[in-house]
Amino acid sequence: MSELNDAGASFRQRLDSVATDIETLLGRLLDDTLLPEELARPRRLMDAMRHVALGGGKRLRPFLVVETAALFDGPRARALMAGAALECVHCYSLAHDDLPAMDNDDLRRGRPTAHKAFDEATAILAGDGLLTLAFDIMARPETHPNPAVRSELVLALARGAGLGGMVGGQMLDLAAEGRFDGGKIKKLAAADVKQLQAMKTGALLRFGCLAGAMLGEASTTQRTALDRYGSALGEAFQIADDLLDVEGDAATVGKATGKDAAVGKGTFVSVLGLDQAKARLNALVSEAEQALAPFGSSADVLKMAARFVAERKA
Ligand code: GRG
């Protein structure tokens, strides 16, 4: 096996290993055990939250937390807690994005979406429950013994997930589709698409990379490097997602494809064209790899992650 194939295999093993650990941890965090101050865990809500959070997904965001935290030799259990919190936010966003009022999708991760498997009200509450649980998990001492670090993580996750991050990006996306303007699609420039996507998708991926630096109480240089890596990775992820919508097939991707073009949506592919979008994707992978230079070969798995994000088929 070539050196590159070895690295690829080791990357996949590490991604799978985080996915397994996150599945176990989320299963435990979403079990029947009542926590102090909780009065009851309603069965239907628990089932819906488990449907949304368990049994699927690449778990890329927790992987980024675990592997960036590993650069600082911090305990894996803490990084898994922060990764589980981030994954709860991601899963909530998918359940809400799938709702009839948003994207109206029937299929997610190859399974019925939450409102199809349950009902709309339960799907909304399952998303709300996961969003709230994320901050509960992040604020626990098991995530980090230092309250200042926990508080920094909570604040950064809120900023990435909220008004000026993912939720804001989703609003810009709906507006661009003409939702609030009689269905008139807005023509976006490349810079608009970049900002919208940096918010909607990039902010959580970037947070995943910065969370490792926060857990590891990294130096300013190290944080800046991981921030640069996370920003490049976030944009690369979205370009790959746009390419999958054009070139992927629904069975492999695990959700409907061709939806962006069908509604004339402004995406990296529609504003740059296929060839330029692919060239930009390659440039972003190089940018992500270069950003990791201060960490030397200990960051090889993160370099592989950038390549994986760009070349993924699902
Ligand atoms: C509803 C508040 C709210 C926000 C929704 C992120 C988002 C905003 C919507 C998801 C829609 C979407 C498919 C965006 C494209 C990028 C993306 C987040 C893809 C799914 O992420 P993956 O590929 O999914 O990491 P898995 O299933 O592997 O976790």
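The values are calculated or read from the model by the stated rules, or taken from the named source; none is laboratory data. The structure presented is a predicted model; accordingly, all values stated were derived computationally and were not measured. In this analysis, Cβ positions are derived from the backbone assuming ideal geometry, glycine residues included, and neighbour counts consider all displayed protein chains. Heads up: the accessible areas ignore ligands, DNA and RNA and are worked out on the full protein's heavy atoms, side chains in. Shrake-Rupley method; radii C 1.70, N 1.55, O 1.52, S 1.80 Å.
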**Prompt:** Pick from ASP275, ASP242, ASP227: which is part of a helix (DSSP H, G or I), acidic (Asp, Glu) and within 30 Å of ASN104 (Cβ to Cβ)?
**Reply:** ASP242
**Asked** So is GLY216 farther than 19 Å from VAL309 by Cα and in contact (Cβ under 8 Å) with a residue 40 or more places away in the chain or not?
**Response** yes
**Request:** Return yes when SER270 is within 18 Å of ARG312 (Cβ to Cβ) and either of a type in the set (S, T, N, Q) or assigned to a loop (DSSP other than H, G, I, E, B) (or both) and no when it is not.
**Result:** no
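For (1) within 15 Å of the ligand (Cβ to nearest atom); (2) out of contact with any His (no Cβ under 8 Å at 6 or more places or on another chain), each residue gets a yes or a no:
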{"site": "ARG61", "(1), (2)": "yes, no"}
{"site": "LEU64", "(1), (2)": "yes, yes"}
{"site": "GLY74", "(1), (2)": "no, yes"}
{"site": "ARG78", "(1), (2)": "no, no"}
**Request:** Quickly run through region 82-131 and pick out the residues that are under 24 Å from LEU215 (Cα atoms) and of a type in the set (Asp, Glu).
**Result:** GLU87
**Fill in**
Exactly one of LEU34, LEU25 is within 16 Å of the ligand (Cβ to nearest atom) and open to solvent by 10 Å² or more (accessible area, probe 1.4 Å), and that residue is LEU25
**Asked** Within region 117-135, can you find the residues that are assigned to a helix (DSSP H, G or I), away from the ligand (no atom under 12 Å from the Cβ) and surrounded by fewer than 16 Cβ atoms within 10 Å (Cβ to Cβ)?
**Response** GLU120, ALA121, THR132
**Complete:** Of the residues in region 47-59, those that are away from the ligand (no atom under 11 Å from the Cβ) and part of a helix (DSSP H, G or I) number 5
**Asked** For region 87-114, how many residues meet the condition of being open to solvent by less than 20 Å² (accessible area, probe 1.4 Å) and more than 11 Å from the ligand (Cβ to nearest atom)?
**Response** 3
